[in-house]
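Q: There's a structure below that I have some questions on.
The values are calculated or read from the model by the stated rules, or taken from the named source; none is laboratory data. Only a predicted model underlies this, so the values are computations on that prediction, with no experimental measurement involved. Heads up, the Cβs are rebuilt from the backbone with ideal geometry, glycines too, and the neighbour counts pull from every protein chain shown.
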Amino acid sequence: MRPEVYEYNFDWMLWRSLESAAKTGNGSVKEFKHMLPYIPYFRGIIEPFINLGETGKTFLKLIDRYMENIVTAHEKGKKLAMTTFCFSPSILYAMDIVPITLEVLTVLGSVMWKRGTTDYMDYCVELGFTETSCSSQRGSLGAYLSGLGENIDFTVFNTAGICDTNANAFSFAKTHLNIPFYSLNYPAGLTDKESNQYHRDDFKELIKFLENQTGKKLDEDRLREILDETAKQEAIVGEMEEYQRIVPSPLPVTYNFLIYGGRFFFAGMPEYTELLQDMVKVVKENAKAGRSGMTSGKEKLRAFFFYIDHYALNLSLWRWLDKREISHIGSILSRSFKEDSPYLKGMEEVAYVIDTTNLNTMIDSIAMINSRMPMVRSIRGPYDRPNMWLEESLALAKMYKADCLVYNGTPGCRNTWSNVKLIARDLEEAGYPTHIMYGDAFDDRVESWEATAARLDEFLTVRGLL
Ligand code: SF4
């Protein structure tokens with residue numbers, strides 16, 4: 001790794017930048033505008049959030065808090081768990097453990113820093129980890145492997161049944177750092193009795209592991225609080241998603257990012273509820289006024305990103321969408337699949353239920369939530385099997401009135417690249433113009449954002465969409 005990268009700790013540097021960013025929201029609009037010329041490096045990422053008003057300010061504070069929790073965990077006597085975005089952090093919060101979710105930290109570095117997190121990605125490869133793996137873990141993993149972050153106490157992740165490259169990243173980390181680990185296992189089925197029982201038993205073993213690591217028993221009341229809060233949060237998300245069905249969609253274009261970002265950072269915690277409450281107010285006002293959530297208040301097109309988004313510097317994807325008045329109507333990351341979600345009609349068996357009656361029902365609930373996390377839920381088996389990626393994408397595209405569908409992922413994602421052309425063919429046959437992006441959501445070196453945007457423009461023009 002370049003010697004200059006060793007000058008600053010990765011998580012400390014992210015935290016300090018985010019703390020300053022969050023503070024910019026404390027001043028008046030006039031003060032903020034006067035300050036912008038003094039922060040040329042960061043204005044491209046701070047401005048869009050501050051322009052979102054209270055919602056954007058709350059989101060910046062939320063990420064700031066997340067990073068602060070990481071860098072202060074040990075002095076507060078808490079354990080740090082390295083984990084993944086397809087693992088709900090709720091159980092960790094219930095046990096007073098601070099999560100370090102590798103993929104979300106990679107996204108933060110990618111959208112905030114011109115150099116992205118590529119130095120850290122390459123460092124993993126220098127150590128022997130394969131460069132054909134998913135870049136979403138490597139972007140921050142490299143920093144922790146090189147000692148440029150807080151010391152990790154243990155790691156919890158999901159098995160190769162869902163994503164071999166993801167599981168291998170954590171397995172590589174536990175060997176290199178010599179830390180304890182627990183890997184949840186996911187059978188290929190989602191709704192059969194045996195799979196459900198397997199999830200429950202496996203999750204109980206995970207709790208035993210966490211109790212051993214922390215020396216504390218799981219607190220039933222704390223778990224209930226977290227699950228009640230989760231139910232409240234998903235009810236607000238559900239309300240916004242109902243509004244999202246309206247044409248034009250009243251959701252500002254970045255709201256899907258905030259929905260899943262907030263969930264990955266703080267599922268079940270009041271910080272996320274506060275953010276959602278700010279968001280739903282804006283959505284309702286826009287809907288009442290018949291406005292779209294775009295800066296222009298109009299909507300020309302509705303795009304469904306049926307996999308993940310693209311995290312180039314300064315949220316370039318969302319700027320591109322806003323400029324063309326294209327509503328982002330969700331991705332695999334934004335939907336939660338709670339039983340009362342409107343898009344579950346006809347697929348009720350894939351839902352999870354929150355039941356806080358007793359400890360057993362709560363453990364069941366949290367195991368079910370985890371098995372419905374993005375990727376865990378819909379790409380655990382063949383893409384065209386019942387309840388899997390194709391069925392889910394078609395249902396969501398129809399419900400949210402998509403004009404076109406877009407795939408974006410990472411070249412390391414064998415789970416999707418193995419069948420992306422097949423699913424695109426099926427989606428086209430169902431009547432949806434479908435575009436496959438060839439870039440890397442987390443690594444701009446694979447295809448520059450400019451080239452990616454040019455291909456998106458070409459798709460819209462050639463297909464007569466804009
Ligand atoms: S994007 Fe693909 S490769 Fe990366 S974690 Fe998800 S399933 Fe795995």
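Q: With respect to the numbered conditions (1) among the basic types (Lys, Arg); (2) within 27 Å of ILE39 (Cα to Cα); (3) without any contact (Cβ under 8 Å) to a residue 40 or more places away in the chain, which one is the sole condition not fulfilled by LYS288?
A: In the conditions (1) among the basic types (Lys, Arg); (2) within 27 Å of ILE39 (Cα to Cα); (3) without any contact (Cβ under 8 Å) to a residue 40 or more places away in the chain, LYS288 misses (2) alone.
Q: Please tell me if PHE49 is within 19 Å of TYR260 (Cα to Cα), of a type in the set (A, V, I, L, M, F, W, C), more than 16 Å from the ligand (Cβ to nearest atom) and touching a Gly at 6+ places or on another chain (Cβ under 6 Å).
A: For PHE49, the condition - within 19 Å of TYR260 (Cα to Cα), of a type in the set (A, V, I, L, M, F, W, C), more than 16 Å from the ligand (Cβ to nearest atom) and touching a Gly at 6+ places or on another chain (Cβ under 6 Å) - is met.
Q: Separate question: Checking GLU103 against (1) surrounded by fewer than 21 Cβ atoms within 10 Å (Cβ to Cβ); (2) within 24 Å of VAL5 (Cβ to Cβ), which single condition isn't satisfied?
A: (1)
Q: Restricting the first residue to the range 208-229 and requiring it to be farther than 26 Å from THR273 by Cβ, which pairs with a second residue that is assigned to a helix (DSSP H, G or I) meet a Cβ separation below 7 Å and a spacing of at least six or different chains?
A: These pairs meet every condition: LYS217/GLU211.
Q: Name every residue in the range 118-150 that is more than 15 Å from the ligand (Cβ to nearest atom), among the small types (Gly, Ala, Ser) and either surrounded by 21 or more Cβ atoms within 10 Å (Cβ to Cβ) or closer than 24 Å to ARG414 by Cβ (or both), in order of residue number.
A: Residues satisfying the conditions are GLY128, GLY142, ALA143, GLY149.
Q: Among the residues of the range 369-406, write down those that are among the acidic types (Asp, Glu) and within 16 Å of the ligand (Cβ to nearest atom).
A: The one that is among the acidic types (Asp, Glu) and within 16 Å of the ligand (Cβ to nearest atom): GLU392.
Q: Examine the range 151-171 for a residue that is in a helix (DSSP H, G or I) and more than 16 Å from the ligand (Cβ to nearest atom), and state whether such a residue exists. Working first, answer last.
A: First, pick out the residues of the range 151-171 that are in a helix (DSSP H, G or I): 164-171.
So of that shortlist, the ones also more than 16 Å from the ligand (Cβ to nearest atom) come out as none.
No, the conditions are met nowhere in the range 151-171.
Q: For the structure I just gave you, tell me whether MET82 is surrounded by 21 or more Cβ atoms within 10 Å (Cβ to Cβ), at pLDDT 95 or above and under 21 Å from the mean Cα position of the chain (by Cα).
A: Against the criterion (surrounded by 21 or more Cβ atoms within 10 Å (Cβ to Cβ), at pLDDT 95 or above and under 21 Å from the mean Cα position of the chain (by Cα)), MET82 qualifies.
Condition check ((1) surrounded by fewer than 18 Cβ atoms within 10 Å (Cβ to Cβ); (2) part of a helix (DSSP H, G or I)) across all residues:
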| residue | (1), (2) |
| --- | --- |
| GLU241 | no, yes |
| VAL247 | yes, no |
| PRO250 | no, no |
| LEU258 | no, yes |
| ASN286 | no, yes |
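Q: Give the residue that is farthest from ASP119 (Cα to Cα), with candidates limited to residues of the range 172-191 that are within 15 Å of the ligand (Cβ to nearest atom) and surrounded by fewer than 20 Cβ atoms within 10 Å (Cβ to Cβ).
A: Among those residues, the one meeting the criterion is ALA188.
Q: When the range 1-19 is examined, which residues are found to be modelled with pLDDT of 95 or more and surrounded by 14 or more Cβ atoms within 10 Å (Cβ to Cβ)?
A: Within the range 1-19, VAL5, ASN9, PHE10, ASP11, TRP12, MET13, LEU14, TRP15, ARG16, SER17, LEU18, GLU19 meet the criteria.
Q: Further question on the same structure: What number of residues within the range 417-449 satisfy the criterion of being of a type in the set (Gly, Ala, Ser), surrounded by 15 or more Cβ atoms within 10 Å (Cβ to Cβ) and touching a residue at least 24 places away in the same chain (Cβ under 8 Å)?
A: Final tally of qualifying residues: 2.
Q: Further, regarding this structure: Of the residues in the range 75-96, how many are over 19 Å from LYS217 (Cα atoms) and more than 16 Å from the ligand (Cβ to nearest atom)?
A: Matching residues across the range 75-96 total 1.
Q: Count, please, the residues in the range 367-415 that happen to be charged (D, E, K, R), part of a helix (DSSP H, G or I) and touching a residue at least 24 places away in the same chain (Cβ under 8 Å).
A: So the answer is 3.
Q: Given the residues SER146, SER110, which is the only one that is modelled with pLDDT of 95 or more and under 17 Å from the mean Cα position of the chain (by Cα)? Walk me through how you get there before you give the answer.
A: Details: SER146 fails: under 17 Å from the mean Cα position of the chain (by Cα).
None of the others qualify; the one that does is SER110.
Q: Given the condition at pLDDT 95 or above, of a type outside the set (Val, Ile, Thr), within 16 Å of the ligand (Cβ to nearest atom) and touching a Ser or Thr at 6+ places or on another chain (Cβ under 8 Å), answer yes or no: does some residue in the range 296-306 qualify?
A: Yes.
Q: All but one of (1) surrounded by fewer than 17 Cβ atoms within 10 Å (Cβ to Cβ); (2) touching a helix residue (DSSP H, G or I) at 6+ places or on another chain (Cβ under 7 Å) hold for LYS33; state the number of the condition that does not hold.
A: (2)
Q: Please verify whether the range 448-456 includes one or more residues that are within 16 Å of the ligand (Cβ to nearest atom) and closer than 24 Å to VAL104 by Cα.
A: There is no residue in the range 448-456 that is within 16 Å of the ligand (Cβ to nearest atom) and closer than 24 Å to VAL104 by Cα.
Q: Check off (1) within 11 Å of the ligand (Cβ to nearest atom); (2) part of a loop (DSSP other than H, G, I, E, B); (3) hydroxyl-bearing (Ser, Thr, Tyr) for TYR432 and give me the number that stays unchecked.
A: Of everything listed in (1) within 11 Å of the ligand (Cβ to nearest atom); (2) part of a loop (DSSP other than H, G, I, E, B); (3) hydroxyl-bearing (Ser, Thr, Tyr), TYR432 misses just condition (1).
Q: So in the range 319-349, with the set limited to residues that are assigned to a helix (DSSP H, G or I) and touching an Asp or Glu at 6+ places or on another chain (Cβ under 8 Å), which one is surrounded by the most Cβ atoms within 10 Å (Cβ to Cβ)?
A: Among residues in the range 319-349 that are assigned to a helix (DSSP H, G or I) and touching an Asp or Glu at 6+ places or on another chain (Cβ under 8 Å), the one surrounded by the most Cβ atoms within 10 Å (Cβ to Cβ) is TYR343.
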